[in-house]
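The values are calculated or read from the model by the stated rules, or taken from the named source; none is laboratory data. This one's a predicted model, so the numbers in the text were calculated from it and none came from an experiment. Neighbour counts run over all protein chains shown; Cβ positions are idealised from the backbone, glycine included.
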């Protein structure tokens, strides 16, 4: 009887082994992938406060003025593009523009006291589009501590014109009292226009050239806190020149003083 059961058990075991072998050699097991979650990360950018970037230039952030495509004068009605950005030099300058003369009472064709807007328009015709315009700002700024209640700084390559409402000798007596009061040459970069006084002195002139051209010039030696300078007295007023380390004039200015520091 035992002998009869053994073959049956053996057969059952053989069938089980065959089934197991078939399972091992069958098609590979496939796992259905779980679809990714449809919930994505998001950021509400409207709730993010962006801090204003610091301009790398020493000058404050200002409005760059770009001429329209037809080359006409920039206007605030959209013909020109105005955008906030650090000041930058730009544009090619025409050497010795006609009528722009360094003088103690202005820039030749634009005397001190000319209304601000009229002065900017005339200088734009002579020098090309300004590369920066600060708009009306506080009188205490990177340009110095100017008199009056407001200040506007307009810049061309190497040329800076300051406008204000100061009660000074250059006052323009109009309703707004905003007038051309100061020019600076070479303070914020080289002078590609090569502007000169009526006697031919400009940035780059040596001490000897200045002394020969202006015998009555007053020279001031350098001190611990101030570079060497010279005061040129002309019929229209005084010009102040600052000498660089090489002994040549590095910058010139005239008009209402805005002491630095």
Sole miss for residue 231 among (1) assigned to a loop (DSSP other than H, G, I, E, B); (2) modelled with pLDDT of 95 or more is condition (1)
Return yes or no: is residue 251 touching a residue at least 24 places away in the same chain (Cβ under 8 Å), out of contact with any helix residue (DSSP H, G or I) (no Cβ under 9 Å at 6 or more places or on another chain), closer than 26 Å to residue 113 by Cα and loosely packed, with under 15 Cβ neighbours inside 10 Å?
-> no
Residue count for segment 190-213, restricted to those that are more than 17 Å from residue 250 (Cα to Cα) and part of a loop (DSSP other than H, G, I, E, B) = 2
Residue that is surrounded by the most Cβ atoms within 10 Å (Cβ to Cβ) [pool: residues in segment 140-149 that are free of Cβ contacts under 8 Å to residues at least 60 places away in the same chain and closer than 16 Å to residue 180 by Cα] | 148
Out of 105, 133, 165, which single residue is free of Cβ contacts under 8 Å to residues at least 40 places away in the same chain and buried (at least 17 other Cβ atoms within 10 Å of the Cβ)?
-> 165
